[in-house]
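A short reminder: the numbers here are calculations on the coordinates, not readings from a lab. The shown structure was predicted, so the numbers you read here are calculated from the model rather than taken from an experiment. So basically every Cβ, Gly included, is an ideal-geometry build from the backbone, and we count neighbours across all protein chains shown.
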Amino acid sequence: MFSNSLELISWDYHGTIADDNDLKETVELLTDPDSVRLFQIDITDPSFASVVLLSSIPSADQDDFSEAVEKLVELGQHRIRLNWKIISSGSEFSTVALVDEDNMVWDSVIGSVVVEEEEFSPVAGEKSGSVIIKWLWGAERGKITWSLECEGPPLACSYTSEAKIASGEARIETKLVKGEECCTLHYAWAYRTPTGSISIDWNPDTEQFDVEVSSWGSTGNGQGIFECCL
């Protein structure tokens with residue numbers, strides 16, 4: 001059950017994607033705008049949730065969704081039909097889930113929700129941080145990382161940053177400021193599930209990043225500062 005809004009009531013096995021015809025048929029099922037439902041939820045306020053048809057969102061977002069989902073479909077995967085009930089109305093609908101030998105690969109309802117874990121590792125001369133983005137069933141879906149390292153004298157600074165996510169978009173932006181004795185790394189990150197946009201821009205007036213993120217599913221963002229000195 002999701003946020004007292006949606007309940008999984010049953011499931012049925014619908015075979016393996018055995019050939020190119022099966023693959024094409026599966027892609028069409030998973031991207032049909034008149035039957036695919038998206039589960040829209042705010043992970044910071046799980047009481048807010050709704051189910052929307054893919055056809056009800058802007059066409060550009062539909063294209064984004066279809067492109068992301070098509071990349072997940074492969075030969076040998078299994079198709080499971082999940083049957084759902086909307087608690088408030090009692091109405092029912094079905095989604096098609098992709099499953100491989102180890103994990104669920106995709107479902108339009110479950111795939112719209114993520115679990116987020118943030119970690120920081122302060123070490124002498126080096127600081128690092130990460131956001132682990134997980135599928136609802138626990139497998140890692142994406143990761144955003146950043147680090148700052150100082151050496152010297154004389155002062156030398158280096159930093160790294162990376163963002164990736166399966167089926168969606170993840171971004172990180174950084175700005176390094178080097179002083180005589182210290183280095184300061186400003187960072188901002190964001191992620192979204194399929195459909196939506198991310199904007200991260202440095203604002204010199206506030207000396208912070210302006211972050212905007214939207215999606216029909218889960219989103220997350222944050223920013224901060226790392227500093228290391230001799």
Mean shadow area (nm²) of the C-alpha convex hull around the chain is 14.9 nm²
Output ordering of 165-172, 128-135, 10-17 (per-residue mean of other Cβ within 10 Å, highest first) is 165-172, 128-135, 10-17
Here the range 145-155 yields Karplus 3J(HN,Hα) values (6.51, -1.76, 1.60; θ = phi - 60°; whole Hz; Gly and Pro given as x) of 10, 8, 8, 9, 9, 10, 9, x, x, x, 5
Sorting Thr26, Val96, Asn203 by the position of each Cα along the dipole of the chain (Lys, Arg +1; Asp, Glu -1; all at Cβ), the one nearest the positive end of that ordering is Val96
Rounded to two decimals, the Debye log10 I(q)/I(0) of the range 6-112 (Cα scatterers, no solvent) at q = 0.10, 0.12, 0.21 Å⁻¹ is -0.29, -0.41, -1.20
For the range 63-160 the GluC sites (Glu not before Pro) that pass both the DSSP coil test and the at-most-10 other-Cβ-within-10 Å test are Glu101
Computed over the chain: longest principal axis from alpha-carbon atoms vs helix 59-70 long axis, angle to nearest 10 degrees, is 90 degrees
Rounded to the nearest 10 degrees, the helix 20-31 long axis (Cα) sits at an angle to the longest Cα principal axis of the chain of 70 degrees
If unit charges are put on Cβ atoms (+1 for Lys and Arg, -1 for Asp and Glu) and the dipole of the chain is taken about its Cα centre, the option from Leu53, Tyr191, Ser66 lying farthest towards the positive end turns out to be Leu53
Ratio for the range 86-140, C-alpha Rg to 2.2 N^0.38 Å, reads 1.73
Heads up, the range 114-229 by the C-alpha gyration tensor (a ≥ b ≥ c square roots of eigenvalues; a/c under 1.5 rounded, else a/b over b/c prolate, else oblate) looks oblate
If every Lys and Arg gets +1 and every Asp and Glu gets -1 at its Cβ, then about the Cα centre the chain yields a dipole, in debye to the nearest 20, of 340 debye
A chain fully extended from Asp205 to Glu180 at 0.36 nm per residue, minus the present Cα-Cα distance, gains in nm 6.7 nm
At R0 = 25 Å the Cβ-Cβ FRET efficiency linking Lys24 and Arg81, nearest 0.05, sits at 0.90
Given 206-214, 222-230, the highest-first ranking by average Cβ count within 10 Å works out to 222-230, 206-214
Shape call for the range 158-204, from the Cα gyration tensor axes a ≥ b ≥ c (a/c under 1.5 means rounded, otherwise prolate when a/b beats b/c, else oblate), comes out oblate
